[in-house]
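Let me begin by presenting the structure, written as structure tokens, before commenting on it.
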Amino acid sequence: MNTDCDYSSAYVKLLTDSDLTGFGMTFTIGRGNDIVCMAIEELAKRLVGKDVEEIFANMGKTWDYLSADSQLRWIGPEKGVIHIALGAVDNALWDMFARSRNKPLWKLVVDMTPEEIVNATAFRYITDAITREEALVMLKEKAATRAEREAKVRELGYPAYVTSAGWLGYSDEKVARLTREAVEAGFNHFKMKVGADPASDLRRGSIIRSIIDDPQYLPAGRKPRDPNGPDLAGKNAGPTGSVLMIDANQVWDVPQAIEYVKTLESIKPWFIEEPTAPDDILGHAAIRKALKPYGIGVATGEHAHNRMVFKQLLQAEAIDVCQIDSCRLAGVSEVLSVLLMAAKFGVPVCPHAGGVGLCEYVIHLSLIDYIAISGTMERNVLEFVDHLHEHFLYPCSINKNGRYNVPSNAKEGYSIEVHEASIAEYEYPNGSYWKSVKA
């Protein structure tokens, strides 16, 4: 589906009359990035002259205010360009909020009282799935044990998975080499792209399976994990406890998706990601029902454009895995609403990452989910793609066990600030890179 990617970012700085600054961005794949920037400029005008402490006092109310410009809302509403632009602006506000308190974003949120988290959340249009009162009860139930979970994830890191070996177009030799390297790096969840050719997908999947299921490739001293343990049961884990997922990036109609994925049963995927149009709730439900006898689940969310789509996916029992995107949704306040709904419905959240800055963003969201909301990370995995991190002042990192390290710099906020040198080189159209291309 996404055959012509030119990874791009609509990047925003929010300035104050002090040194306090907020940084935010939303990810695009090239053409159209300038349109998002125009939308960001229009939305951010609503903040000019506002007192930051009044904004921070109720971030849910602030989110409602930002999304309530009737003329800008008309070109959504709450979807498309205007919504991902709101994601950049809201994320920049949250970054500024965290920086003002000298905490990483995740720590800012998990240190909030349950009442403060509820007030920071976007609830409009989802109270038929979860009410503010229900959310408050859930958060209070987890509050007393937050410190234990925070200590645990600081020690262990947050579980991650890789797509490094799974891109379409790689030779079989490259697939095998990258898979071995990922296993050696400590990962035990792997994802591959599918949908172009069934025979090729089956061959590539079999190559990956032959390596991740073979104990000889495990890191020295690493024992196989129990494929029937509570963290792996139902994931089609192989004998070493390794899990394979597949991702179609929306290429099929519903009947196609069902028949195509059946042909891949032998490689034992945990789930098929984005099997059809991202806002086809009933289509996802039909695919999930049809694939359930084959032990294959359904995941989506990377292109679910707002909390209402997630609400319906959960209500319709259409997904086994909820894949939020940090800036497809309109910032942290809307993400919180989806995390709360997923926790209520008992569906694990495994965020989409990769792109530009998405890995930096989403580790914060997964930590919020684990420490303050769902209380579990045993069955969750967060996508990791090892590129473009060098452009960020506070890049994410992975430990030797294939897990994200916890962001811990008090100055990093939401970890999305880009090096000035990278901006000077790549800002379009006046960066040095673009000038050299033009020349």
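Inter-part distance, segment 4-18 to segment 63-95, computed on C-alpha centroids, equals 15 Å. DSSP assigns beta bridges within segment 150-420; of those with both partners inside it, close to 20 percent run antiparallel. When all alpha carbon pairs of the chain are counted in 20 Å bins from zero, the resulting P(r) reads 26, 59, 15, 0 %. Based on protein heavy atoms only, segment 105-149 ends up with 47 Å² per residue of surface accessible to a 1.4 Å probe. The HN-Hα couplings worked out from phi for segment 407-413 by the Karplus form 6.51 cos²θ - 1.76 cosθ + 1.60 (θ = phi - 60°) are x, 9, 7, 4, 9, 7, x Hz, whole numbers, x standing for Gly and Pro.
How high is the FRET efficiency between residue 180 and residue 134 when r is their beta carbon distance and R₀ equals 51 Å, given to the nearest 0.05? Efficiency, from the Cβ-Cβ distance: 0.65.
The residues packed around residue 402, meaning those with a beta-carbon under 11 Å from its beta-carbon, carry a net charge of +2 if Lys and Arg are +1 and Asp and Glu are -1. Carbon and sulfur: what percent of segment 150-420's accessible surface (1.4 Å probe)? Exposed carbon and sulfur together represent 52 percent of the surface. Principal axis analysis of the Cα atoms in segment 361-428 yields extents of 42, 23, 21 Å, listed in decreasing size. Summarising the amide proton neighbourhood of residue 192: residues at separation of 5 or more, or on other chains, whose placed amide H is nearer than 5 Å comprise 245, 246, 247. Look at the Cα gyration tensor of segment 133-181: its axes a ≥ b ≥ c give a/c of at least 1.5 with a/b at or below b/c, and that counts as oblate. The calculated 222 nm mean residue ellipticity attributable to helices in the chain amounts to -12000 deg cm²/dmol, summing -39500 (n - 2.57) over DSSP H runs of n ≥ 4 and dividing by all residues. Of the whole protein surface, residue 300 contributes about 0 Å² of accessible area at a 1.4 Å probe radius.
A simple count of charges around residue 92, restricted to other residues whose Cβ falls under 11 Å of its Cβ and scoring Lys, Arg +1 and Asp, Glu -1, yields -1. Spin-label pair residue 344-residue 1: with each label point 7 Å from Cα along the Cα-Cβ axis, the two points sit 2.7 nm from one another.
Spatial offset of segment 268-295 relative to segment 131-172 amounts to 23 Å, using the alpha carbon center of each.
Between 240, 112, 261, the Cα set farthest toward the positive side of the dipole of the chain (charges on each charged residue's Cβ, about the Cα centre) is that of 240. With protein chains left intact and a 1.4 Å probe, residues in segment 150-420 average 35 Å² of accessible area per residue.
How charged is the neighbourhood of residue 21? Take every other residue with its Cβ under 14 Å from the Cβ of residue 21, and add Lys/Arg as +1 and Asp/Glu as -1. That sum, taken over residues with Cβ under 14 Å, equals -3. Among the listed pairs 193/292; 292/400; 45/140, those whose Cα-Cα separation exceeds 29 Å are 292/400; 45/140.
The values are calculated or read from the model by the stated rules, or taken from the named source; none is laboratory data. Keep in mind that this is a model prediction, so the values were computed, not measured. Reconstructed Cβ throughout: ideal geometry from the backbone, glycine too, with neighbour counts over all protein chains shown. Ligands, DNA and RNA are excluded from the accessible area calculation, which covers all protein heavy atoms including side chains. Shrake-Rupley method; radii C 1.70, N 1.55, O 1.52, S 1.80 Å.
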